[in-house]
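Read through the structure below, which is laid out as structure tokens, and then see the notes.
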Amino acid sequence: MAEDRGRTTHFGFREVAEEAKAGLVHGVFSSVASRYDLMNDLMSGGIHRLWKDAMMDWLAPRPGQRLLDVAGGTGDIAFRFLRRAPGAEAVVLDMTEAMLAEGRRRAEAGNLADRLAWVAGDAMALPFPDASFDVYTISFGIRNVTRIEDALSEAFRVLRPGGRFMALEFSRVPNPALQWLYDRYSFNVIPAMGKVVTGDRDSYQYLVESIRRFPDQESFAAMIRSAGFDQVKFRNLTMGVAALHSGWKL
């Protein structure tokens with residue numbers, strides 16, 4: 001839209017034109033797709049798996065539900081959801097074809113193929129009708145969206161009345177001493193690890209910076225409420241390194 005031209009947003013610590021961010025993010029995830037899951041294990045010491053299990057525990061998938069997992073790339077959340085909910089269906093949406101290709105290659109994808117679909121698309125303009133899903137999840141993806149408010153509005157639109165929104169995202173550590181240690185690890189170790197494992201230091205430098213630009217727990221909860229969701233709550237994981245946010249379309 002003409003009125004959006006000239007608007008800027010952040011790409012890590014850089015300011016970029018809004019219309020440029022999606023392409024930059026696409027480049028990041030295209031570059032690291034083949035080693036994305038391995039890097040998640042290395043960076044977190046495997047703790048990201050416990051966070052995703054905690055997400056499923058709070059979500060409590062039920063048989064017959066229909067899930068939309070946005071920025072779901074390699075299928076981690078969708079696979080967990082379907083294993084816990086007999087007869088449920090899932091759609092994994094991601095803007096990066098390379099991430100979707102990695103997901104399709106995983107063994108679980110073949111076992112769950114009759115209940116699972118893969119769609120390339122934009123979180124800010126979902127290619128689905130209103131009230132299409134019972135559950136919307138987004139895991140470590142919403143901080144990469146150009147306009148978070150638009151993605152939340154789309155989440156509300158595609159959920160059915162009584163539907164559940166849940167986001168898992170890196171967040172803010174409330175203890176200053178722990179934050180100092182976390183910063184040292186994030187900025188000194190993770191980009192170097194990314195260089196060794198994926199050959200791409202810059203993408204992991206961006207990912208570290210994007211975490212610091214994401215709103216804190218209370219601010220993000222307020223954004224979810226503003227999108228129309230009720231009963232909005234959050235739970236800190238690993239002392240606030242990550243947080244789960246939940247809301248309902250009532």
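Here, each number is a calculation from the coordinates, and none is a lab measurement. Just so it is clear, the structure is predicted and the values come from calculations on it, not from any experiment. Glycine gets a Cβ as well: all are built from the backbone with ideal geometry, and neighbour counts include every protein chain shown.
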May I ask you to evaluate 6.51 cos²θ - 1.76 cosθ + 1.60, the Karplus curve with θ = phi - 60°, for each residue of segment 31-41 and list the ³J(HN,Hα) values in order in whole Hz, giving x for glycine and proline? 5, 9, 3, 5, 10, 4, 5, 4, 5, 4, 5
In the neighborhood of Asp134, defined by Cβ-to-Cβ distances under 9 Å, what is the net charge if each Lys or Arg adds +1 and each Asp or Glu adds -1? +4
Taking the Cβ of Asp122 as the centre, find all other residues whose Cβ is under 11 Å away and add up their charges (Lys, Arg: +1; Asp, Glu: -1). -2
As a test of the formula, what do you get for the chain when each DSSP H run with n ≥ 4 contributes -39,500 (n - 2.57) and the sum is divided by the residue count, at 222 nm and rounded to the nearest 500 deg cm²/dmol? -14000 deg cm²/dmol
Tell me, what ³J(HN,Hα) does each residue in segment 224-235 have, in order and in whole Hz, if you take phi through Karplus 6.51 cos²θ - 1.76 cosθ + 1.60 with θ = phi - 60° and put x for Gly and Pro? 5, 4, 5, 6, x, 6, 10, 6, 7, 9, 9, 10
Name the long-range amide H neighbours of Gly240: under 5 Å, sequence gap of 5 or more, or other chain; modelled H, no Pro or chain starts. none
Roughly what % antiparallel, to the nearest 5, for the DSSP beta bridges in segment 2-249? 50
Among the aspartates and glutamates, which have Cα under 14 Å from the Cα of Lys249 when same-chain residues fewer than 8 positions away are ignored? Asp130, Asp134, Glu154, Asp230
Could you tell me what percent of the DSSP beta bridges with both partners in segment 2-116 are antiparallel, to the nearest 5? 40
Which net charge results for the neighbourhood of Gln179, defined as the other residues with beta-carbon distances under 11 angstrom from its beta-carbon, given Lys and Arg at +1 and Asp and Glu at -1? +2
Got the relative contact order for segment 2-249 handy, in percent, Cα pairs under 8 Å and 6 or more residues apart? 19
Compute the distance from the alpha-carbon center of segment 82-120 to that of segment 33-69, in whole Å. 13
Pairwise over distinct Cα atoms, reciprocal of the mean inverse distance: report the Kirkwood radius of the chain in Å, one decimal place. 18.4
Which ³J(HN,Hα) values, rounded to whole Hz and listed in residue order, are derived for segment 73-87 from phi using the Karplus coefficients 6.51, -1.76 and 1.60 in 6.51 cos²θ - 1.76 cosθ + 1.60 with θ = phi - 60°, glycine and proline given as x? x, 8, x, 3, 6, 4, 4, 4, 4, 5, 5, 8, 10, x, x
Hey, with R₀ at 22 Å, roughly what FRET efficiency would Asp183 and Arg49 work out to, going by the Cβ-Cβ distance, to 0.05? 0.40
